[in-house]
Amino acid sequence: MDIEHRAKLIASVGEEVISREDLVELLKEKPHPVAYNGFEPSGKIHIAQSVLVAINMNKLIDAGCKVKMFVADWHAQANNKLGGDLDKIQNTGKYFIEVWKACGMKLDQVEFVWASDLVKDPDYWQLVVKVAMMNSVERIKRCSQIMGRSDEEGLSAAQILYPCMQAADIFYMGIDICQLGMDQRKVNVLAREMAPKFGRRKPVVVSHHMLMGLLEPPKGVTDPVARVNAMKMSKSKPESAIFSTDSADDVERKLKNAYCPAGKVEDNPVLEYCKYLVFERFDKMVISRSEKYGGDTTFSSYAALEEAFAAGKVHPMDLKSAVAKYVNEMLEPIRQHFEKDREARRLKELVESYTVTR
């Protein structure tokens, strides 16, 4: 695969790339750049964190990247996830890894890195302190949206430290490509701006789309990052998200009740599932209907499906039923893994017993 095709494949992961020119230059100089995605272990893992992340990481691997999955256990503790209980957070991180074993991620080409290992090195904390020294409290607070919080909230001192740690993670691990969600954009841009001061190349920021929650999106939120946070799936609102170990009946119920106005394309979570999940995993999508209403219709691209839905040629309930079928097909290997593997099942039961805290 030549550099242009590799750059195109990597860029296809992102809703935004900063910058495409830097990405091409990186690939010219470094055949196997280091890319990372990070996650706070903070409860049950939903489909955007499992299947969608696997799709994105596999694209980076296919493009020749060395992929690191960063388990941000200390960050989750600083953010008071699971009540700040590090043992619970680490059990949840192990549970996440079990999900990825079963959802198609090319784990033989992925390195898992735990924050709890990084923090043992004094050099890591030197980087954290340098990041903190080079930025005002106000600038760091503006990055608080990476934690799913507003800079107007009364943040704890640990939460002020969090963005400094996340920027330091990038430098400590030698990351070339930050492949996180749009909700993480601000701290990745901060790392880009700081990189020359550390004598390092600016990391390329490939920010993936945040899959919408299934409930009706909120109105009146204008800030782009705040809007992303307000619209994304929420573990505190279980009906807004399809979790990776949900039963087939759960999936069907949640999609049946999902927000999906007839003919409306914008901010339609069911169509988003089609675009970012179904057509990424399947060559075609079949919408089943009775012969009375014209019989089954097959779509070979998302664009064709979107056009038909906007024109009123696909009924929302038929679309929801089809999406439920494909989602269940994607999740079935995960369900089977947790049913058959004793340790995976133990971790799942532990995580499901925990109380999720914001």
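In region 70-104, what residues are among the aliphatic types (A, V, I, L, M) and under 24 Å from residue 327 (Cα atoms)?
Scanning region 70-104 gives 97, 99, 102.
Looking at (1) under 18 Å from the mean Cα position of the chain (by Cα); (2) closer than 20 Å to residue 277 by Cβ; (3) at pLDDT 95 or above, can you tell me which one residue 105 breaks?
(3)
The conditions are (1) farther than 29 Å from residue 201 by Cα; (2) in a helix (DSSP H, G or I), and residue 43 fails exactly one of them. Which is it?
Result: residue 43 passes all but (2).
Given 139, 185, 201, which one is in contact with a strand residue (DSSP E or B) (Cβ under 7 Å, 6 or more places away or on another chain), of a type in the set (Lys, Arg) and not assigned by TED's automatic domain parsing to the domain that holds residue 272?
185
With the requirement that a residue be touching a residue at least 60 places away in the same chain (Cβ under 8 Å) and not in a strand (DSSP E or B), what does region 168-183 give you?
Across region 168-183, the qualifying residues are 169, 170, 173, 174, 175, 176, 179, 180, 182.
Considering only residues that are surrounded by 12 or more Cβ atoms within 10 Å (Cβ to Cβ) and among the charged types (D, E, K, R), look in region 285-318 and name the one that is nearest to residue 240 (Cα to Cα).
By that ranking, first place goes to 318.
Considering only region 305-338, state which residues are free of Cβ contacts under 8 Å to residues at least 40 places away in the same chain and in contact with a helix residue (DSSP H, G or I) (Cβ under 7 Å, 6 or more places away or on another chain).
If the condition is that a residue be free of Cβ contacts under 8 Å to residues at least 40 places away in the same chain and in contact with a helix residue (DSSP H, G or I) (Cβ under 7 Å, 6 or more places away or on another chain), then 305, 314 are the ones that fit.
So which residues in region 243-290 are in contact (Cβ under 8 Å) with a residue 12 or more places away in the chain and hydroxyl-bearing (Ser, Thr, Tyr)?
244, 245, 247, 259, 273, 276, 288
Could you grab me the full set of residues in region 183-208 that are aliphatic (A, V, I, L, M) and buried (at least 22 other Cβ atoms within 10 Å of the Cβ)?
187, 190, 191, 204, 205, 206
Can you pull out every residue in region 113-138 that is touching an Asp or Glu at 6+ places or on another chain (Cβ under 7 Å) and not in a helix (DSSP H, G or I)?
114, the sole residue that qualifies.
Look at residue 322 and say whether it is at pLDDT 95 or above, surrounded by fewer than 14 Cβ atoms within 10 Å (Cβ to Cβ) and aliphatic (A, V, I, L, M).
Taking the combined requirement at face value, the residue does not satisfy it.
Could you grab me the full set of residues in region 305-336 that are within 20 Å of residue 294 (Cβ to Cβ) and small (Gly, Ala, Ser)?
Across region 305-336, the qualifying residues are 308, 310, 311, 312, 321, 322.
Restricting to region 240-264, count the residues that are surrounded by 18 or more Cβ atoms within 10 Å (Cβ to Cβ) and part of a helix (DSSP H, G or I).
So the answer is 5.
May I ask you to say which residue of 230, 226, 241 is modelled with pLDDT of 65 or more and over 18 Å from residue 316 (Cα atoms)?
241
Tell me which residues, restricted to region 68-112, are farther than 17 Å from residue 165 by Cα, in contact with an Asp or Glu (Cβ under 9 Å, 6 or more places away or on another chain) and either assigned to a loop (DSSP other than H, G, I, E, B) or not assigned by TED's automatic domain parsing to the domain that holds residue 53 (or both).
Result: 106, single match.
The values are calculated or read from the model by the stated rules, or taken from the named source; none is laboratory data. Only a predicted model underlies this, so the values are computations on that prediction, with no experimental measurement involved. Cβ coordinates were reconstructed from backbone atoms using ideal geometry, including for glycine residues, and neighbour counts include every protein chain displayed.
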